[in-house]
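Enquirer: Can you read through this structure? Questions will come right after.
The values are calculated or read from the model by the stated rules, or taken from the named source; none is laboratory data. Treat the numbers as computed from the prediction; the structure is a model and nothing was measured. Positions of Cβ are backbone-derived with ideal geometry, glycine not excepted, and every protein chain shown enters the neighbour counts. Note: areas computed on protein heavy atoms with side chains; ligands, DNA, RNA excluded. Shrake-Rupley method; radii C 1.70, N 1.55, O 1.52, S 1.80 Å.
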Amino acid sequence: MGWKSFQKIKNKLQWKVGHVSFVQRVTAASKKNPSLEFWKLAPKTIYRTQNMSASTSEEVRETASSSSRGDGGDKPNTKEEEKKEDNLLECNICLDTAKDAVVSLCGHLFCWPCLHQWLETRPNRQVCPVCKAAISRDKVVPLYGRGSTKQEDPRDKVPPRPAGQRTEPEPGNNFSGFGFGDGGFHMSFGIGAFPFGFFTSTFNFGEPRPNVSPHGTPQYMEEQFLSKVFLWLAMLFIAWLLLA
Amino acid sequence: MANIAAQRIKREFKEVIRSEEVAKCAIKLDLVDNNYTELRGEIAGPPDTAYEGGNFVLEIKVPETYPFNPPKVRFITKIWHPNISSVTGAICLDILKDQWAAAMTLRTVLLSLQALLSAAEPDDPQDAVVARQYKENVEMFRLTARHWTNAYAGGPNANPECDEKIKRLVDMGIEEHQARVALSSYNWDLERATEQLFS
């Protein structure tokens, strides 16, 4: 409608301009200067009317939208309208008023705990829950209201992640594949008379080597002491073998 | 149930009740139990489709991890659709699986399902028999879907020819639903359906 009216006005104006210009030209035949001025003016007037028609059509549009808004606005009372305004500050995940609010680069508001949980749920597909734009922890902006005294980044208040828990398997219950199974490869040498030496190597096939006890405990000291004693014994034995 | 899930379902429930789709009777949502873990949805068959005039009931189960994981939705009303199992009512829809987003709500899920009814995806089928029929003979698919809508969802478009064929099989001692499935699967070819049922 705006376009049509503009066309009409333009047509009329062009006709008028043409008409006037003809008259002007005739009159300007005697006075040359005004005609030149007229030709300078003409495009401006067209431009102005064009703007006017555009603005009028905008006005029409505005009045139309405001009237329709008025129709809708009659039904809900003011309380609901207030609620609607509150909705603007609701987290898109829990639908409650956003706490520790953060906003994504695509402009969507969340509670940080909610968004964090969402990102944790799908670590390999981190998308905005509203528009599915790519988001990440570093690409959200924390929001600070005036009332908030603590100016701390809500992202620092991540719900503490549960620490990894792993328990050692019970040793000795299952056959651990000749001691190779769990990465603890060990060899044992035995020197002695033939049938007994055989036993020393075969007899500890099944059981894995016991774990080293932690530093500082009395057990650790004892183990260190014992290993030294046996080292000396072995050296003495070898010396005796060589000398004998 | 985790607190966030229950609280969100409560809010969503109110949102659905207030929504304009409910006012237009396009969708409906009821509680099954009081702790908001199971709900019953209802969607109207979209106009200008084979499902027009039907009301389709859905079972909605809300997991504890909602809204971080999608609700489990299934058709209770039997329906003939390439992306919905005619046997179990299981739905093949990406947003109920890997494309779920936490900002989606029960209202958007119901509306998406309604959209699925008007735009089937035969290349990503849930029911292979229906999908094949949809690809090979769309007219036959529409006829069958309309008949199922009439039989199970209260649709207004009865097809006397289909009803007659089913009646003949029922007279032979076949259970009605079984007869309907056999006939639907064989493009309403009475001979082949009978053959399959008695083989």
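Enquirer: Quick check on the range A:177-185. Is at least one of its residues at pLDDT 85 or above, touching a Lys or Arg at 6+ places or on another chain (Cβ under 7 Å) and not basic (Lys, Arg)?
Expert: No, the conditions are met nowhere in the range A:177-185.
Enquirer: Tell me whether the range B:109-124 contains one or more residues that are open to solvent by 40 Å² or more (accessible area, probe 1.4 Å), under 28 Å from residue A:110 (Cα atoms), of a type outside the set (S, T, N, Q) and within 14 Å of chain A (Cβ to nearest Cβ).
Expert: No, the range B:109-124 contains no residue that is open to solvent by 40 Å² or more (accessible area, probe 1.4 Å), under 28 Å from residue A:110 (Cα atoms), of a type outside the set (S, T, N, Q) and within 14 Å of chain A (Cβ to nearest Cβ).
Enquirer: Determine, yes or no, whether residue B:51 is closer than 30 Å to residue B:159 by Cα and of a type in the set (Phe, Trp, Tyr).
Expert: Against the criterion (closer than 30 Å to residue B:159 by Cα and of a type in the set (Phe, Trp, Tyr)), residue B:51 qualifies.
Enquirer: Scanning the range B:44-66 for residues that are assigned to a strand (DSSP E or B) and farther than 24 Å from residue B:97 by Cβ, which turns out least open to solvent (accessible area, probe 1.4 Å)?
Expert: B:44
Enquirer: Mind checking which residues of the range A:112-131 are buried (at least 22 other Cβ atoms within 10 Å of the Cβ) and within 10 Å of chain B (Cβ to nearest Cβ)?
Expert: Result: A:114, A:115, A:118, A:128, A:129.
Enquirer: Take the residues in the range A:91-105 that are among the β-branched types (Val, Ile, Thr) and crowded, with 22+ Cβ neighbours inside 10 Å; name whichever of them is farthest from the other protein chains (Cβ to nearest Cβ).
Expert: Among residues in the range A:91-105 that are among the β-branched types (Val, Ile, Thr) and crowded, with 22+ Cβ neighbours inside 10 Å, the one farthest from the other protein chains (Cβ to nearest Cβ) is A:102.
Enquirer: In the range B:16-37, which residues are charged (D, E, K, R), buried (at least 16 other Cβ atoms within 10 Å of the Cβ) and not in a helix (DSSP H, G or I)?
Expert: Selection gives B:28 alone.
Enquirer: Could you look through the range B:92-108, keep only residues that are more than 14 Å from chain A (Cβ to nearest Cβ) and either of a type in the set (S, T, N, Q) or part of a loop (DSSP other than H, G, I, E, B) (or both), and pick out the one that is surrounded by the fewest Cβ atoms within 10 Å (Cβ to Cβ)?
Expert: Of everything passing the filter in the range B:92-108, B:92 is surrounded by the fewest Cβ atoms within 10 Å (Cβ to Cβ).
Enquirer: Limited to the range B:140-163, what total is found for residues that are open to solvent by 90 Å² or more (accessible area, probe 1.4 Å) and modelled with pLDDT under 95?
Expert: Looking only at that region, the number is 3.
Enquirer: Let me ask something else about it. If only one of B:41, B:89 is small (Gly, Ala, Ser), open to solvent by less than 50 Å² (accessible area, probe 1.4 Å) and either touching a Phe, Trp or Tyr at 6+ places or on another chain (Cβ under 8 Å) or more than 30 Å from residue A:110 (Cα to Cα) (or both), which one is it?
Expert: None of the others qualify; the one that does is B:89.
Enquirer: Then there's this: Which members of the range B:46-78 meet the condition of being out of contact with any helix residue (DSSP H, G or I) (no Cβ under 6 Å at 6 or more places or on another chain) and closer than 20 Å to residue B:181 by Cβ?
Expert: B:56, B:57, B:74, B:75, B:76
Enquirer: So, one more: Answer yes or no as to whether residue B:180 is touching a His at 6+ places or on another chain (Cβ under 9 Å) and either modelled with pLDDT of 95 or more or of a type in the set (S, T, N, Q) (or both).
Expert: yes
Enquirer: Which of the residues spanning the range B:27-41 are of a type outside the set (Lys, Arg), closer than 19 Å to residue B:73 by Cβ and more than 14 Å from every other protein chain (Cβ to nearest Cβ)?
Expert: Those that are of a type outside the set (Lys, Arg), closer than 19 Å to residue B:73 by Cβ and more than 14 Å from every other protein chain (Cβ to nearest Cβ): B:27, B:29, B:30, B:31, B:32, B:33, B:35, B:37, B:38, B:39, B:41.
Enquirer: Report yes if residue B:69 is within 14 Å of chain A (Cβ to nearest Cβ) and either closer than 20 Å to residue B:108 by Cβ or assigned to a loop (DSSP other than H, G, I, E, B) (or both), otherwise no.
Expert: For residue B:69, the condition - within 14 Å of chain A (Cβ to nearest Cβ) and either closer than 20 Å to residue B:108 by Cβ or assigned to a loop (DSSP other than H, G, I, E, B) (or both) - is met.
Enquirer: Taking the condition of being farther than 13 Å from residue B:151 by Cα, away from chain A (no Cβ under 14 Å) and not aliphatic (A, V, I, L, M), how many residues in the range B:53-66 meet it?
Expert: 2
Enquirer: A further question follows. With within 30 Å of residue B:8 (Cβ to Cβ), of a type in the set (Ser, Thr, Tyr) and within 16 Å of the chain's Cα centre (by Cα) as the only criterion, which of B:144, B:88 stands out?
Expert: Of the residues listed, the single one that is within 30 Å of residue B:8 (Cβ to Cβ), of a type in the set (Ser, Thr, Tyr) and within 16 Å of the chain's Cα centre (by Cα) is B:88.
Enquirer: Could you list, ordered by first residue, the pairs with Cβ atoms under 9 Å in which the first is in the range B:3-26 and more than 10 Å from chain A (Cβ to nearest Cβ) and the second is in a helix (DSSP H, G or I) and open to solvent by 90 Å² or more (accessible area, probe 1.4 Å), at least 6 apart or interchain?
Expert: Short answer, once both residue conditions are applied: B:26/B:20.
Enquirer: Can you say whether residue B:44 is among the small types (Gly, Ala, Ser), farther than 24 Å from residue A:92 by Cβ and more than 14 Å from every other protein chain (Cβ to nearest Cβ), as far as the supplied structure shows?
Expert: yes
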